[in-house]
Every structure is written in structure tokens, then in C-alpha cells.
1. For the residue pair A31 and L120, what label-to-label distance in nm results when each label sits 7 Å from Cα along the Cα-to-beta-carbon direction?
2. Put +1 on the Cβ of every Lys and Arg and -1 on every Asp and Glu Cβ in the chain; which of I160, G103, A56 then has its Cα farthest towards the positive end of the dipole?
3. So, for the chain, what is the accessible surface per residue at a probe of 1.4 Å, expressed in square angstrom?
4. For the chain, take the longest principal axis of its alpha carbons; what is the angle in degrees between that and the long axis of helix 116-131, to the nearest 10 within 0 to 90?
5. Specify the angular offset, from 0 to 90 degrees and rounded to the nearest 10, of the alpha carbon long axis of helix 44-66 from the longest principal axis of the alpha carbons in the chain.
6. Quick one: helix 71-94 against the long Cα principal axis of the chain, what's the angle to the nearest 10°, folded into 0 to 90?
7. Could you pull the accessible area for R121 with a 1.4 Å probe, rounded to 10 Å²?
8. Each label point is 7 Å from the Cα along the Cα-to-Cβ direction; what then is the distance between the points at D3 and V127, in nm?
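The values are calculated or read from the model by the stated rules, or taken from the named source; none is laboratory data. In this text, all values refer to a predicted model and were calculated from it rather than measured experimentally. Cβ atoms come from the backbone with ideal geometry, glycine included; neighbour counts cover every protein chain shown. Ligands, DNA and RNA are excluded from the accessible area calculation, which covers all protein heavy atoms including side chains. Shrake-Rupley method; radii C 1.70, N 1.55, O 1.52, S 1.80 Å.
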Amino acid sequence: MGDPVIAYAALAVLAALFWLGALHKLRNFAAFEAAVAGYRLMPAVLQRPFALAFIAAEVLAGGLLLLPAARTAGILTALAVLAAASLGVAVNLLRGRTDIDCGCGGLSQAPTSLSWWVVLRNGLLAVLALLAWPQAGGPSPRDLVWLDGITFFGMSLALIGLYLAFNQLLASHLEMRKRSQS
């Protein structure tokens, strides 16, 4: 069994990222709904309900991840959200459609085009969810001490920083690719 501090940091970071993503999508709902439509995976009549359900699933995942009795459900919900998003991106990439907004949301205000890097990022978030799995169903395997709090805080900030850096590199890479094709 892994160290509980790693699992707790993974849970906190995932909850924060899911809630930030949901908040961004709610604040820019028309843009998110347009991104869902851009995927061309469902009839127009289902696009708005799907967009609302996707945001609700992100909020739900974030909340469940922080409730000790519901962590397993939170991890499974988070994995389902990541899988649905990755599947939509992968289908469109295989169709050759890269110039649509991924609808990812988050801390970046700029739309992100589709690429396999988005799928990789989601895969890394899924690994983070799986790192939290040992803590999903029970009490901590050891007593936590004050140093664990510092470690948790530092690790959480580092993971969020890595996520933001990855997203910035992704956005910069895609922007450079667009400029070189122009």
C-alpha cells in the first residue's frame, strides 16, 4: 500500500481540477456547448443535455473524491469523465479533425485544439486517480504527523503546477503548429 499523503494529494488535486474545469465550463457555457457540438458525436438535441451532464459529473467527481465514504465512487466517476473526454478527442483525431476546441476548460482562457497530447494529459490524470485508489476504501494505514501536512500541501501545489505547465506547453505547441502551417 502506498503512502497516504500521496493518495490524499492526488484526491485533492483531482477535486480541484474537476471543480475548476466545471466552473470554467459554467462561466462559458455557450462556448462549451459549441465545443460539444464541434465533436459531432451526437444529434443536436442531445448536445445541451450532454454538456450539462458532463459538467454535473465533474462537480460530482470533485465532491465525491473528498468524502471518505464516497472516494471509490469519486474515483470511478473521475475515471468515467476522463474516459468520455478522451474517447471524444480520440474519435475526432482519428477522423482527422484537429481544429476544434477540446472544451477542456480549466484555468486557461484560450481554446485548446485537439491533439494526442490532450489524450495523454487525461491519461496522466487517470493515473493520478489510480494513485488515490488505496485510500479510497478505508482508514489511513499509518498515523499522520505534522510533516505530512507540509508534504501534502507542497505535493498538491507541485502537481497543480505540473498540470498548468503541461497545459501551457500544450497550448504553446499547438499555437506554434498553427503558425507554421499558415
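1. 2.5 nm
2. Most positive-ward Cα: G103.
3. Details: 9840 Å² over 182 residues.
On a per-residue basis, the chain sits at 54 Å².
4. 20 degrees
5. Helix 44-66 sits at roughly 20 degrees to that axis.
6. 20 degrees
7. Taking all protein chains as shown, R121 has close to 20 Å².
8. 1.8 nm
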